[in-house]
Amino acid sequence: MRLRALLVVPMLLLIAAAIATSCVVHDEESVNGGRWLDRASEEATARAPGDDKAERASTPERSADHEHEAAEDTGNLTVRLVDINGDSVEGVPVRGRTASRVEWNGVSGDDGRVLLRDLPEGLVEVTYDLSGWRTDFDISGRRVRVPFAGELVLVMPQVSWLRGRVVDANRHPVPRARVGIGTSGVGGSALDCAVVADDEGRYQLAVSEDSWSMQSFLIAWARGLATANAYPSEGGPGLSVRRDFVLAPLTPENAERSKWAGDLFAGLDAWDALPVEVAERDSGGTFRSVVGRVVDPEGTPLAGAVVRASVTGHASRSGPDGRFTVRLSTWHDRLVVEADGHYALSLEPPADGADFGDLKIKPRTDVRIRLVFEDDRAPVVGAWTYMQWEVSAITNEDGTAVMRGVDPQAMLDDRPLMVRPGRTDRPQPVPGWTGPVHRDGITEILATRGRRTSGTVLQPDGLPLLGAWCVVEDGDSYSDLWAMQVTDLAGRFVVGGLPRDRAATVVVAHDSYPHAELVTPPGPQDDDIDVTLRFPEGVLTRGVLRPADDDGTETLHLRAVPLPPFEKHVRPVVHYLEIGPERTFSFPSVVGQRYRLLLARGSAYACRLGPEDVVLAGATDVVVKAHQGASISGNVRDRRGPLKGALLQFRNVADDLDTAFAESLRRGRFEVPGLAPGATYAVRAKKSKHAPKWVDVTRLAAGTKGVVIDLR
């Protein structure tokens, strides 16, 4: 928090250049209808006199200073709010602020417009503000000069949805709980935005794509209760992610962390309360006029493009020849160029001189697709489609989606469109890249119908488990992009879009149960399945490793591998343990489960530890001995000579768990240590990691040296 306070002054000075996390609150109706509406705007609408929306949208906050300014030269400013699809956004509070900090407030009408009346001539900062989200640092916050030619259009960003409930340990709602998203870094943690849960503990939070990172965290807090944390999983623009929180009773063990969380929310509140300086800061009043020409990628002039200074608000439009002149301040000003149907351009002024030359701005277009299942041509409803990673849309009841602002070059690819299952109970497609996509008209895209796995996850005591991660394992590189789900307060999860032509397993994991994962059976290939999964009881297994001729200086690594049979739906976790100089070890294990202990490769000791290496979970006096191992070494060659990069597999014919891999190095050399003395190993090889098949080569005894493996 101290770091954030120190950054207040420079960040306020960089208002127009900085971009921060964008978070807003929406109600369920506004989400389903594609319109943005929150309680603040509903209350503002309810307070507005009369039914005239234009009059309601232009109601300013009056003050003595305002009346004084209105008596001088004044003008009106029309602001229009649109979403990323270009549709009007109703019910959003908009405000204009001047150097005297007088505010003109209004609420956008059903056409997305709000009229700010009687603004004084000069610099005005226009922002929209919802739920403590300071748009002052968003690129949509604009500094303009009154009088302003035309209509100021602010584009609201596309967001992912976080929804859920906050309850106590008895599953009772926690009214007015705080829920926020923040970032951890070297300087500590700080919240980017937060909302307040309603009287039923429900909250809704919208987060921009820029907010997701490996350092992001979700946190829920209420006075007098412990805090709860979660890692957000990316839902994608327009998609909804469920996150529920259970706040435990306050104890001496968690009191300090609860205070830390309270300080985070208090710090964010203080940050949001800071005044925003709108005065013209020009470092001594140094301005200069800059010139340039706006053109398309082919060099054709673009007339009517808006060219503006990001900080001082000076603006002009390009003429018929694409040329413009605009005033820039020497104080961190940037030039922003915007034209309909093109990407916006933001750039620093030239280091010397005042001529920007030709500014090429790339065109963008709208792409319309209709997604249908290939088996019956039924529309795919609620699927997520996107191009260029950042341009996306959700299919409607007709299976149609419109992606706004696509680079035409992207449509030159054969498969430029990604299709992913949405968060809905409707049938969903198997994810994957598809195409082609046409620029004109509506492109019909065929999708493969997927199946669905749903279930209830329980704790060992039979109570529903909140916050378990559900991930798909199907050997496909797309699985991690769509399948992450988190169980809700009832322990429920739903994963759609699973392939029918191959086995796909939903794996369930939770930090509180490190000894096991839960897995769903593949099930019938043509049916959806619903299962009940319960985590098994866990217990700690302890022991000591006794290596022969050990001086205690080498760090060893032990594997604890669960042995079948396993309980239904239960997959005990394989543990990898680092053994220090004291040579003791412990690992969480499933009650009643047997484990095989083996040394990891890389040391002089054999992987196999002998007949005492099988232990029962919960044992506390395990003693296993490590013995000196043997190795196999030699060369790999093909018809052209020594072969580098070949892959080799060595499998103990009497013990499948004793399997080693090696890659040939320069001059085809390889060596495999840690083999069991006297054991025989079946050898397979392939010329490279990209080779499609393994080839059975030979059998070798541990300790064999100088062998030549010929892959001709």
Checklist entry - Can you list residues whose amide H is under 5 Å from Ala447's amide H, if they're 5+ apart or on another chain and H is modeled 1.01 Å from N? => result Val372, Phe373, Glu374
Next on the checklist: If each residue of separation counts as 0.36 nm, what is the full-extension length gain between Thr532 and Asp366 once their alpha-carbon separation is subtracted?
Outcome noted: 55.3 nm
Checklist outcome for this item: Residues whose modelled amide H sits under 5 Å from the amide H of Gly645, counting only those 5 or more places away in sequence or on another chain, are Ser664, Leu665
Next on the checklist: Residue by residue through the stretch 653-664, what is 3J(HN,Hα) from phi via Karplus (6.51 cos²θ - 1.76 cosθ + 1.60, θ = phi - 60°)? Round to whole Hz and write x for glycine and proline.
Outcome noted: 5, 9, 7, 5, 6, 8, 10, 10, 10, 8, 10, 6
Checklist entry - How would you order 249-260, 534-545 from highest to lowest mean count of nearby Cβ atoms within 10 Å? => result 534-545, 249-260
Checklist outcome for this item: For 340-347, 147-154, ranked highest to lowest by mean beta-carbon neighbours within 10 Å, the order is 147-154, 340-347
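Tally Lys/Arg at +1 and Asp/Glu at -1 over every other residue whose Cβ is under 12 Å from the Cβ of Gly292; what's the total? Please report the intermediate quantities before stating the final value.
Working: positive: Arg293, Arg323, Lys360; negative: Asp321, Asp355, Asp358.
Value of the local net charge: 0.
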Checklist entry - Got a number for carbon plus sulfur as a percent of the stretch 333-409's accessible area, 1.4 Å probe? => result 46 percent
Checklist entry - Suppose R0 equals 30 Å; then what is the FRET efficiency for Thr300 and Asp413 from their Cβ-Cβ distance, rounded to the nearest 0.05? => result 0.75
Item to check | At q = 0.10, 0.12, 0.19, 0.23 Å⁻¹, base-10 log of I(q)/I(0) for the stretch 353-468 (Debye sum, equal scatterers on each alpha carbon) | outcome: -0.41, -0.52, -0.93, -1.23
Item to check | Proximal lysines to Lys687, defined as alpha-carbon separation beneath 20 angstrom and excluding residues fewer than eight positions away on the same chain | outcome: Lys644
Checklist entry - How long is the gain from Arg669 to Ala255 if the chain were fully straight, where each residue apart is worth 0.36 nm and the alpha carbon distance is subtracted? => result 143.1 nm
Item to check | Cβ-placed point charges (K, R +1; D, E -1), dipole of the stretch 375-507 about Cα centre in debye, nearest 20 | outcome: 220 debye
Item to check | Projected area averaged over orientations for the stretch 557-673, convex hull of C-alpha atoms, nm² | outcome: 9.5 nm²
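Between Thr183 and Ala266, what's the calculated FRET efficiency when r is the beta-carbon distance and R0 is 25 Å? Round to 0.05.
Working from the Cβ atoms, E equals 0.90.
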Checklist entry - Quick one: if you stick a label point 7 Å off each Cα along the C-beta vector at Thr325 and Leu540, how many nm between them? => result 7.9 nm
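Could you tell me what percent of the accessible area of the stretch 536-575 is made up of carbon and sulfur, with a 1.4 Å probe and every protein chain present?
The C+S portion of the solvent-accessible surface of the stretch 536-575 is 51 percent.
Among 293-299, 453-459, how do they line up from the highest to the lowest mean number of other beta-carbon atoms within 10 Å?
Final packing ranking: 453-459, 293-299.
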Checklist outcome for this item: Once phi for every residue in the stretch 191-201 is put through the Karplus expression 6.51 cos²θ - 1.76 cosθ + 1.60 (θ = phi - 60°), the whole-Hz ³J(HN,Hα) values, with Gly and Pro written as x, are 7, 8, 6, 7, 10, 10, 5, 7, 5, 9, x
Checklist entry - Measuring with a 1.4 Å probe in the full set of protein chains, what accessible area per residue, in whole Å², belongs to the stretch 459-617? => result 46 Å²
Item to check | Charge tally in the Cβ shell below 10 Å around Ala600, where Lys, Arg are +1 and Asp, Glu are -1, Ala600 excluded | outcome: +1
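Could you work out what % of the accessible surface of the stretch 655-712 is carbon and sulfur, using a 1.4 angstrom probe and leaving DNA, RNA and ligands out of the count?
Solvent-exposed carbon and sulfur of the stretch 655-712 make up 50 percent of the total.
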Next on the checklist: I need the Kirkwood Rh of the stretch 608-695: take the reciprocal of the average 1/r across all distinct C-alpha pairs and report it in angstrom.
Outcome noted: 14.9 Å
Next on the checklist: Net charge within 13 Å of Val153 by Cβ-Cβ distance, Lys/Arg positive one each and Asp/Glu negative one each, not counting Val153 itself?
Outcome noted: -2
Checklist outcome for this item: If every Lys and Arg gets +1 and every Asp and Glu gets -1 at its Cβ, then about the Cα centre the stretch 543-644 yields a dipole, in debye to the nearest 20, of 780 debye
Checklist entry - Once both labels are modelled 7 Å past Cα along the beta-carbon direction, what's the Thr659-Thr286 spacing in nm? => result 6.9 nm
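The values are calculated or read from the model by the stated rules, or taken from the named source; none is laboratory data. Since we're looking at a predicted model, the values are computed, not measured. Note that each Cβ is placed from the backbone with ideal geometry, even for glycine, and that neighbours are counted across all protein chains shown. Accessible surface is based on the protein model in full, side chains and every heavy atom, while ligands, DNA and RNA are left aside. Shrake-Rupley method; radii C 1.70, N 1.55, O 1.52, S 1.80 Å.
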